[in-house]
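Colleague: I'd like to ask you about the structure that follows.
The values are calculated or read from the model by the stated rules, or taken from the named source; none is laboratory data. Fair warning: this is a prediction, and the values are worked out from it, not measured in the lab. So basically every Cβ, Gly included, is an ideal-geometry build from the backbone, and we count neighbours across all protein chains shown. Surface areas here come from the heavy atoms of the whole protein model, side chains and all, with no ligands, DNA or RNA. Shrake-Rupley method; radii C 1.70, N 1.55, O 1.52, S 1.80 Å.
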Amino acid sequence: MPRILPVEIAVQDAAGVRIALREGAARVELCQALGLGGLTPSTGLVESAVEMARAASALGYVHVLVRPRGGGFVYDADEVDVTIRDIRSMRSLGADGVVVGALTDAGELDLDLLRRFVDAAEGIDVTVHRAVDAAADPLSAVTSLAGLPVRRVLTSGGAADCRAGRGTLARMAAELGGAVELMAGGGVVVDDIVALAEAGVDAVHLSARSRVDRGGPSGPGGGEVGYDTTDAAIVRAAVDAAAATAR
């Protein structure tokens, strides 16, 4: 039977989880502050997502970004401690996986720290995020994961978006040889999905966002007017495009 390319949706609220479930996404990455590249979400959101996934009998559905701050991926001891505490917390809340990453001062993937993150996850899935795209050598960073017990890696092929990185994504897929799942993410739009499947990736990741202005006036100190929301039509179109790659 042909394999359908899984679609992962990055969501920032409970409504996004509900939409992703309804429209057929394979899983969600829970986060907040996507404008900063994503940060660790609240425990309340994780609890809500886990409850919705279980009610829908959606196995392996909830994956939580654990990132203590924006502004790069080189962390000090306090940030490492918080990250490990958050990983353990997300596991205790019922998350199916965590999404993590870290670099050394030299711009290499911090494999020792990633091993500590894997240990803290205690058996739930670990995805390494786009810290690999900020590495000095993204291809080497991704292929170095073959020796770690991580489930997948999220990458744009070291480029600004997956369209520009498609050639490197194809090389990554060939060199990994299935040892780690390769998930294409970074500026992905529906029209990219067929080409990414042809490059050999194992899954695609997108935020499927649109902007809304409801929510009332923000007032002084309230931030921007409006916010991002998960667009059901984009999620459905992505799922349909991924299904078409299996025909």
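Colleague: Please work out if Gly44 is assigned to a helix (DSSP H, G or I) and open to solvent by 20 Å² or more (accessible area, probe 1.4 Å). So that I can check it myself, show each step before the final result.
Modeller: Values: assigned to a helix (DSSP H, G or I): yes; open to solvent by 20 Å² or more (accessible area, probe 1.4 Å): yes.
Spelling it out, Gly44 is indeed assigned to a helix (DSSP H, G or I) and open to solvent by 20 Å² or more (accessible area, probe 1.4 Å).
Residue-wise test of (1) open to solvent by less than 40 Å² (accessible area, probe 1.4 Å); (2) assigned to a strand (DSSP E or B).
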{"residue": "His63", "(1), (2)": "yes, yes"}
{"residue": "Arg67", "(1), (2)": "yes, no"}
{"residue": "Gly72", "(1), (2)": "yes, no"}
{"residue": "Arg85", "(1), (2)": "no, no"}
{"residue": "Ala106", "(1), (2)": "no, no"}
{"residue": "Arg115", "(1), (2)": "no, no"}
{"residue": "Thr127", "(1), (2)": "yes, yes"}
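Colleague: Turning to a different aspect of this structure: Which count do you get for residues in the stretch 216-247 that are surrounded by 12 or more Cβ atoms within 10 Å (Cβ to Cβ) and either at pLDDT 80 or above or in a loop (DSSP other than H, G, I, E, B) (or both)? I'd like the intermediate steps shown before the answer.
Modeller: From the stretch 216-247, those surrounded by 12 or more Cβ atoms within 10 Å (Cβ to Cβ) are 218, 225-245; that's our starting set.
Add one more test, that the residue is either at pLDDT 80 or above or in a loop (DSSP other than H, G, I, E, B) (or both), and what stays is 218, 225-226, 228-245.
Result for the stretch 216-247: 21.
Colleague: For the stretch 155-165, state whether one or more residues are part of a helix (DSSP H, G or I) and at negative phi.
Modeller: No; the residues of the stretch 155-165 include none that is part of a helix (DSSP H, G or I) and at negative phi.
Colleague: Would you check if Gly37 is under 29 Å from Ala242 (Cβ atoms), crowded, with 16+ Cβ neighbours inside 10 Å and not hydrophobic (A, V, I, L, M, F, W, C)?
Modeller: yes
Colleague: Next question. Got a sec? Which of Arg115, Arg152 is among the basic types (Lys, Arg), touching a residue at least 24 places away in the same chain (Cβ under 8 Å) and over 26 Å from Leu34 (Cβ atoms)? Spell out how you get there, then give the answer.
Modeller: Numbers: Arg152 fails: over 26 Å from Leu34 (Cβ atoms).
Residue meeting the stated conditions: Arg115.
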